[in-house]
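The values are calculated or read from the model by the stated rules, or taken from the named source; none is laboratory data. All values reported here derive from a predicted model rather than from experimental measurement. Every residue, glycine as well, gets a Cβ built from its backbone with ideal geometry; the counts of neighbours run over all protein chains shown.
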Amino acid sequence: MSREAIFEASIEYFLSPIGEFLRDDGVTEIMVNGYNKIYVERRGKLYRTDAAFATEDALLSAVHNVAQYVGREIDEDRPVMDARLPDGSRVHVVVPPSARLGTYLTIRKFKRDILGLEDFVRFGSLSDAAREFLELCVKLRKNIVVAGGTGTGKTTFLNALSTAVPEEERIVVIEDSSELRLAQEHCLYLEAQQADSYGKGELSIRDLFKASLRMRPDRIIVGEVRSGEALDMVQSMISGHSGSMTTVHANSPRDAMVRLETLSLMSDVQLPVYVARAQVGSAINVIVQLIRHSEDGSRKVSRITETYGLSEKDQYQFQDLYVSRLKGRTDKGDLISELEWIGAQPTFASEVHEHGLETHVKHTGQLWG
């Protein structure tokens with residue numbers, strides 16, 4: 001029996017109180033707020049369940065089992081852990097005393113199917129024209145940020161966006177905890193590592209990003225930027241590594257740019273604010289904004305926005321290209337929306353013709369001119 005199989009069986013045993021939810025494809029997230037208070041998310045809505053671990057120690061044992069599987073440690077000195085289950089599901093844990101009410105365990109379920117942008121058209125989150133526009137942006141090697149709040153599906157959408165990357169490219173994927181699973185064959189996956197009990201062995205996303213630049217990548221995809229690695233990513237975007245993609249927590253395109261600027265200033269490189277802002281403004285080309293509607297739990301693309309440098313007053317410049325308009329509700333009460341082109345052209349409209357991509361244009365002819 002392989003080591004992987006042993007761990008898989010062991011984890012399945014320790015997590016058996018929530019096993020039914022792990023096996024249920026309708027559940028997207030499992031939230032354990034202490035051993036006897038468990039919630040699940042279905043179709044964007046939260047529900048309290050009757051499930052419970054036998055004791056707090058039983059829950060903590062399950063957490064330590066997961067930590068052992070990924071080679072990490074969690075205790076009072078290191079009370080927070082990001083990990084993954086054998087099936088790829090993302091795990092986040094906080095233990096006492098940082099967690100006041102007991103051990104908190106959150107599991108983001110791994111989607112076995114690789115979704116493409118056409119699936120988001122089928123879900124009603126994208127129009128065919130918006131899908132085609134994003135696919136052409138990827139082929140044109142535009143630097144794209146997927147922005148949204150917690151639970152809006154940023155990672156899932158980033159994975160779908162990556163399906164537009166040409167098969168022949170060499171792609172490096174960098175994540176804090178592995179979630180992305182690209183359809184292309186030539187992919188290298190890098191995962192950050194926490195320090196051991198002696199403070200050794202730590203590899204941050206920033207360390208991995210610097211290493212990736214020496215791996216001859218055609219394209220770099222960062223699962224999420226959270227700290228000073230934003231500066232390395234932004235500088236690589238403007239110095240030859242175009243076509244990068246990432247996600248960021250932000251509720252609007254402007255917030256996304258400000259967030260990247262702030263994260264860039266968190267690096268150990270002392271930059272004037274203006275320089276950080278100018279570099280972010282030059283690096284990012286397109287922002288895809290995601291939202292989750294509280295009324296029905298649906299996740300939608302709310303707008304696709306071009307960013308193009310700074311104004312004379314050193315402010316970010318934006319131009320919405322597609323904006324979501326609510327059209328009504330279904331018989332079941334679900335929201336109906338349509339992502340509509342507002343009539344503006346991107347500043348890079350001529351590039352489709354310059355790169356000979358006219359054969360890919362079927363729904364967006366007016367947008368490219």
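Is segment 210-223 home to any residue that is within 20 Å of Lys109 (Cα to Cα) and touching a strand residue (DSSP E or B) at 6+ places or on another chain (Cβ under 6 Å)? So far as segment 210-223 goes, yes, one or more of its residues are within 20 Å of Lys109 (Cα to Cα) and touching a strand residue (DSSP E or B) at 6+ places or on another chain (Cβ under 6 Å). Could you say whether any residue in segment 237-249 is touching a Pro at 6+ places or on another chain (Cβ under 8 Å) and within 29 Å of Pro346 (Cα to Cα)? Yes, segment 237-249 has at least one match. Residue check: is Glu132 over 22 Å from Arg226 (Cα atoms), charged (D, E, K, R) and surrounded by fewer than 19 Cβ atoms within 10 Å (Cβ to Cβ)? No; evaluated as a whole, the condition is false for this residue. Step by step: first the residues of segment 78-125, then only those that are without any contact (Cβ under 8 Å) to a residue 40 or more places away in the chain and basic (Lys, Arg), then the one that is surrounded by the most Cβ atoms within 10 Å (Cβ to Cβ). Which residue is that? Going through the qualifying residues, I end up with Arg122. Checked against (1) over 24 Å from the mean Cα position of the chain (by Cα); (2) surrounded by 15 or more Cβ atoms within 10 Å (Cβ to Cβ), His293 meets all criteria but (1).
Does segment 282-298 contain at least one residue that is at positive phi and at pLDDT below 95?
Within segment 282-298, the first condition is being at positive phi, and the residues that meet it are 297.
Imposing the further condition that a residue be at pLDDT below 95 reduces the set to 297.
Checking segment 282-298: at least one residue is at positive phi and at pLDDT below 95.
Apart from one condition, Leu46 fits all of (1) in contact with a strand residue (DSSP E or B) (Cβ under 7 Å, 6 or more places away or on another chain); (2) within 24 Å of Pro97 (Cα to Cα); the exception is (2). The numbered conditions (1) in contact with a His (Cβ under 6 Å, 6 or more places away or on another chain); (2) among the acidic types (Asp, Glu); (3) at pLDDT 95 or above are all true for Asp57 except (1).
Restrict the check to segment 308-330 and report whether at least one residue is in a loop (DSSP other than H, G, I, E, B), under 22 Å from the mean Cα position of the chain (by Cα) and not assigned by TED's automatic domain parsing to the domain that holds Thr28.
Filtering segment 308-330 down to residues in a loop (DSSP other than H, G, I, E, B) leaves 311-315, 330.
Applying the additional criterion that residues be under 22 Å from the mean Cα position of the chain (by Cα) yields none.
The answer is no, given that none of the residues of segment 308-330 is in a loop (DSSP other than H, G, I, E, B), under 22 Å from the mean Cα position of the chain (by Cα) and not assigned by TED's automatic domain parsing to the domain that holds Thr28.
Taking the conditions exactly as written (assigned to a loop (DSSP other than H, G, I, E, B) and either of a type in the set (D, E, K, R) or touching a residue at least 12 places away in the same chain (Cβ under 8 Å) (or both)), does Leu263 satisfy them or not? Judged against the criteria, Leu263 is not a match.
Counting only residues that are of a type in the set (Ser, Thr, Tyr) and modelled with pLDDT of 95 or more, segment 78-97 holds 0 of them.
State whether the residues of segment 274-286 include one that is within 18 Å of the chain's Cα centre (by Cα), among the hydrophobic types (A, V, I, L, M, F, W, C), under 17 Å from Asn143 (Cβ atoms) and in the same structural domain as Leu140 (by TED's automatic domain parsing). Steps first, answer last, please.
As a first pass, look at segment 274-286 and keep what is within 18 Å of the chain's Cα centre (by Cα): 284-286.
Now narrow it down to the ones that are among the hydrophobic types (A, V, I, L, M, F, W, C): 284, 286.
From what is left, the residues that are under 17 Å from Asn143 (Cβ atoms) are 284, 286.
Within this subset, residues satisfying the condition of being in the same structural domain as Leu140 (by TED's automatic domain parsing) are 284, 286.
Checking segment 274-286: at least one residue is within 18 Å of the chain's Cα centre (by Cα), among the hydrophobic types (A, V, I, L, M, F, W, C), under 17 Å from Asn143 (Cβ atoms) and in the same structural domain as Leu140 (by TED's automatic domain parsing).
Consider segment 259-273 and keep the residues that are within 18 Å of the chain's Cα centre (by Cα) and surrounded by fewer than 22 Cβ atoms within 10 Å (Cβ to Cβ). The one that is farthest from Phe209 (Cα to Cα) is Arg259.
Do we find that Ala283 is touching a residue at least 40 places away in the same chain (Cβ under 8 Å), of a type in the set (A, V, I, L, M, F, W, C) and farther than 28 Å from Glu132 by Cα in this structure? Walk me through it before giving the result.
Values: touching a residue at least 40 places away in the same chain (Cβ under 8 Å): yes; of a type in the set (A, V, I, L, M, F, W, C): yes; farther than 28 Å from Glu132 by Cα: no.
When the stated conditions are applied, Ala283 does not pass them.
The single condition among (1) farther than 23 Å from Leu263 by Cβ; (2) in contact (Cβ under 8 Å) with a residue 24 or more places away in the chain that Thr307 does not meet is (1). From the set of residues in segment 322-342 that are touching a residue at least 12 places away in the same chain (Cβ under 8 Å) and among the small types (Gly, Ala, Ser), which is surrounded by the fewest Cβ atoms within 10 Å (Cβ to Cβ)? By that ranking, first place goes to Gly333.
Being of a type in the set (Lys, Arg) and either at positive phi or touching a residue at least 24 places away in the same chain (Cβ under 8 Å) (or both) is the filter here, so list the residues in segment 191-221 that pass it. Write out each step before concluding.
Step one: filter segment 191-221 for residues of a type in the set (Lys, Arg), giving 200, 206, 210, 214, 216, 219.
Hits for segment 191-221 are Arg206, Arg216, Arg219.
Tell me the residue from Asp75, Asp50 that is surrounded by fewer than 18 Cβ atoms within 10 Å (Cβ to Cβ), modelled with pLDDT of 95 or more and in a loop (DSSP other than H, G, I, E, B), please. One residue alone meets the criteria, Asp50.
Could you list, in sequence order, all residues of segment 168-197 that are of a type in the set (Asp, Glu) and within 16 Å of the chain's Cα centre (by Cα)? Within segment 168-197, Glu175, Asp176, Glu179, Glu191 qualify. In the set Ser204, Ser252, only one residue is at pLDDT below 95 and of a type in the set (S, T, N, Q); that residue is Ser204.
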